[in-house]
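Below you'll find the structure, written out as structure tokens, and then a few comments.
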2 protein chains.
Amino acid sequence: MSQEGKGPLTMSHGAGGANMQKMIGDLIVPVLSNRRWRRPVIQVPLDALDDSAVVDGIVFTTDSHTVRPIFFPGGDIGSLSVAGTVNDLSVVGAEPLALSCGLVLEEGLAFEELERILRSMAATCKRAGVPVVTGDTKVVERGAVQKIVVNTSGIGRRSPLLDRNLKEARRHRKVGGNWLLDSNLRPGDAIILSGAVGDHGIAVLSQREGYGFGSVIKSDVAPLNMMVEAALKAGGVVSGKDPTRGGLANLLNEWAEKSKTGIVVEEGSVPVHDGVRTACEMLGIDPLSIGNEGKAVFGVVRERAEAVLRALRRTKEGREAALIGEATASVKGVVLHTTVGGRRILEQPAGDPIPRIC
Amino acid sequence: MSQEGKGPLTMSHGAGGANMQKMIGDLIVPVLSNRRWRRPVIQVPLDALDDSAVVDGIVFTTDSHTVRPIFFPGGDIGSLSVAGTVNDLSVVGAEPLALSCGLVLEEGLAFEELERILRSMAATCKRAGVPVVTGDTKVVERGAVQKIVVNTSGIGRRSPLLDRNLKEARRHRKVGGNWLLDSNLRPGDAIILSGAVGDHGIAVLSQREGYGFGSVIKSDVAPLNMMVEAALKAGGVVSGKDPTRGGLANLLNEWAEKSKTGIVVEEGSVPVHDGVRTACEMLGIDPLSIGNEGKAVFGVVRERAEAVLRALRRTKEGREAALIGEATASVKGVVLHTTVGGRRILEQPAGDPIPRIC
């Protein structure tokens, strides 16, 4: 289906919410889809719009990074690009194997800045244990990009822990998918969030606009492959996803839609750091709609929820993990039980309230 | 080694020649290198600076595309991005399996233009038989990029024809590498070029500057996986590479350096279409330094040169293939035997004379 006659692209088409989903679902996927090809054997196709694809047993994902500013409290475009791609591989149940690095550099960029970004990438690679093995470098005239665009694509193998993890889930209920897909959630499953939300978006926005929150709020950017491994070891995880653009609100709505189940979330259970809460109140932004770069959300069969939660809390990246809600057939979409005893629909945001955070 | 104190980046650092090679070799690779990691098992590492890496049996490559203008005679940024990545996989001896598509779109881009690019990608995917399976889409403000940047990364498997091809080569001489690497060339090997050079660069430049050559000169952009397959079937190919930025001159200098052998090329044997030759004379550009997007160069053990040449000429993309020279210990670097009976060193260009062609 074409979007012709609907005017040109706007920023909201890239902000990770409903508008982006519509453009991707109505235009990009129909044109590029290849579901009917007999080869190669695609286990998780483009159409699934999940964090990674799976082709012939290889897990494969890509992310282009345009964050502004390129250096922000707690990270930079280098650490972000490595962590983002490692996380997209990890949350579907893969063991990340290697990354590519495609650089588009603006003429006039200082070598010192480029080197700082590369060293940050290298340090994050080392932390994750995942190397950059191939790359490409383009230089464009002044004004053609803003300093730098970094694409990182990644490949991975099925985690050796995934089969046992799913077997543990299947002791309690049927699980259709063979990976940790968005469509695997079923009523009764627990929703576990690995830590506080909003830090990344507020840290980037604060640096960009000079708000000064940066002294207390740092981006959460981190590779999560070790943390996901801990969750898989505990067993019973059926879905995994990282709440980037559009934040937790976008993630849960995607899950509800793809899994055809309602989700109830206890607002008071969602960890939000005090500084982020204050900043959000001042700025009139919902922390649940802000993108994160070091968090994951897991759908877990309820019998294993406590075990997964304990396992996550023993990791550095998951020490603030919390059980925030459950899938349920008793509501449609995503419903928030507010801290003051009310209920409200947690809508899919049209887009992330903070643009260009990744 | 740092490049600090050497001033900021210039366009030539991205133009595929000596300056780019220096930046990548002195800064990017040393910082990102991981040669000493024990896992994963890397068969062709970042440091090889070849067209693709090989990790745990998976062939992996990436390319970010910033060509200007985005539509040009014979192709566009969509067909270019698919063909470029398919070719980088193919020329090392891989069967391309799947691609990723990372889009960075400028606010205000018309949906019609985006759709035209996507349809061009899809058509090139179909021609190559290689699907896009995963993607990412970012939208940035007006002025932050020029309409669109497309990254395509690709994965592939070892071609089932590669072992027999290398076995055929080994009937005639020892071959060290297990892939079609830049470092595999040895004195005596034939150098075969799959067709005429210069079309792509001149077509793009002509469109960009309004020179009007576009009526007769079209880009050669094409996926070459079928053509490479034909060469492998003939047997005896030891090296493969596509002459993109910096053209044939850059490619041959890279081979000579990595393979530690001289190369002699007969200028009169290098196919150049009349229109390109005329345009190059008018513009004062050497067609051998211009980037191509539908050509490959093969190093072939001399006993198999005729067979490979015949096989290439039977394919659509290789119908103008020519034996253009040979590796030899009798010269240093790359020496051109000119059409007027002279000899000149074919230097590695500092950069492609035509910027932003891919």
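The values are calculated or read from the model by the stated rules, or taken from the named source; none is laboratory data. Everything quoted here is computed from the prediction, not taken from an experiment. Positions of Cβ are generated from backbone atoms using ideal geometry, with glycine treated the same way; all protein chains shown enter the neighbour counts. Quick note on the areas: whole protein, heavy atoms, side chains included, nothing else; ligands and nucleic acids left out. Shrake-Rupley method; radii C 1.70, N 1.55, O 1.52, S 1.80 Å.
Values as computed for the structure displayed
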{"read-out": "Tally of residues being more than 21 Å from B:V335 (Cα to Cα) and touching a Pro at 6+ places or on another chain (Cβ under 8 Å) across the range B:270-282", "value": "1"}
{"read-out": "Residue ranges of strands (runs of 3 or more DSSP E) in the range B:34-120 with at least 1 members facing chain A (nearest Cβ under 10 Å), open to solvent by 10 Å² or more (accessible area, probe 1.4 Å) and in contact with a helix residue (DSSP H, G or I) (Cβ under 9 Å, 6 or more places away or on another chain)", "value": "B:58-65, B:94-106"}
{"read-out": "Given (1) open to solvent by 10 Å² or more (accessible area, probe 1.4 Å); (2) touching a strand residue (DSSP E or B) at 6+ places or on another chain (Cβ under 9 Å); (3) within 14 Å of chain A (Cβ to nearest Cβ), index of the condition B:V130 fails", "value": "(1)"}
{"read-out": "Verdict on B:P8 being within 7 Å of chain A (Cβ to nearest Cβ), open to solvent by 10 Å² or more (accessible area, probe 1.4 Å) and without any contact (Cβ under 8 Å) to a residue 12 or more places away in the chain", "value": "yes"}
{"read-out": "Single residue of B:L161, B:L166 found to be farther than 26 Å from A:G246 by Cβ, more than 7 Å from every other protein chain (Cβ to nearest Cβ), among the hydrophobic types (A, V, I, L, M, F, W, C) and surrounded by fewer than 20 Cβ atoms within 10 Å (Cβ to Cβ)", "value": "B:L161"}
{"read-out": "Any hit, the range A:204-213, residues being part of a loop (DSSP other than H, G, I, E, B), at pLDDT 95 or above and not hydrophobic (A, V, I, L, M, F, W, C)", "value": "no"}
{"read-out": "Index of the failed condition, A:Q146 passing every other in (1) under 25 Å from A:V204 (Cβ atoms); (2) open to solvent by less than 10 Å² (accessible area, probe 1.4 Å)", "value": "(2)"}
{"read-out": "Residue count for the range A:229-252, restricted to those that are over 26 Å from A:T339 (Cα atoms) and assigned to a helix (DSSP H, G or I)", "value": "6"}
{"read-out": "When residues of the range A:214-228 are limited to those that are assigned to a loop (DSSP other than H, G, I, E, B) and over 18 Å from the mean Cα position of the chain (by Cα), the one surrounded by the fewest Cβ atoms within 10 Å (Cβ to Cβ)", "value": "A:V216"}
{"read-out": "Selection within the range B:121-147 - farther than 13 Å from B:V82 by Cβ, in a strand (DSSP E or B) and not polar (S, T, N, Q)", "value": "B:D136, B:K138, B:V139, B:V140, B:R142, B:V145"}
{"read-out": "Residue within the range A:174-197 that is more than 14 Å from every other protein chain (Cβ to nearest Cβ), surrounded by fewer than 17 Cβ atoms within 10 Å (Cβ to Cβ) and without any contact (Cβ under 8 Å) to a residue 40 or more places away in the chain present", "value": "yes"}
{"read-out": "Test for A:D136: is it touching a strand residue (DSSP E or B) at 6+ places or on another chain (Cβ under 9 Å) and at the interface with chain B (Cβ under 7 Å from one of its Cβ atoms)", "value": "yes"}
{"read-out": "Filter pass, B:V31 being modelled with pLDDT of 95 or more, within 10 Å of chain A (Cβ to nearest Cβ), over 23 Å from B:L99 (Cβ atoms) and not in a loop (DSSP other than H, G, I, E, B)", "value": "yes"}
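Residues are listed down the side, and each one gets a yes or a no for (1) over 30 Å from B:H13 (Cα atoms); (2) in the same structural domain as A:V300 (by TED's automatic domain parsing); (3) in a loop (DSSP other than H, G, I, E, B):
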position: A:V149; (1), (2), (3): no, no, no
position: A:T152; (1), (2), (3): no, no, no
position: A:K167; (1), (2), (3): yes, yes, no
position: A:G176; (1), (2), (3): yes, yes, yes
position: A:S183; (1), (2), (3): yes, yes, no
position: A:P187; (1), (2), (3): yes, yes, yes
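Yes/no matrix, rows are residues, columns are (1) touching a Lys or Arg at 6+ places or on another chain (Cβ under 7 Å); (2) over 20 Å from B:S90 (Cβ atoms); (3) within 14 Å of another protein chain (Cβ to nearest Cβ):
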position	(1), (2), (3)
B:G235	yes, no, no
B:L252	no, no, no
B:V265	no, yes, no
B:V272	no, yes, no
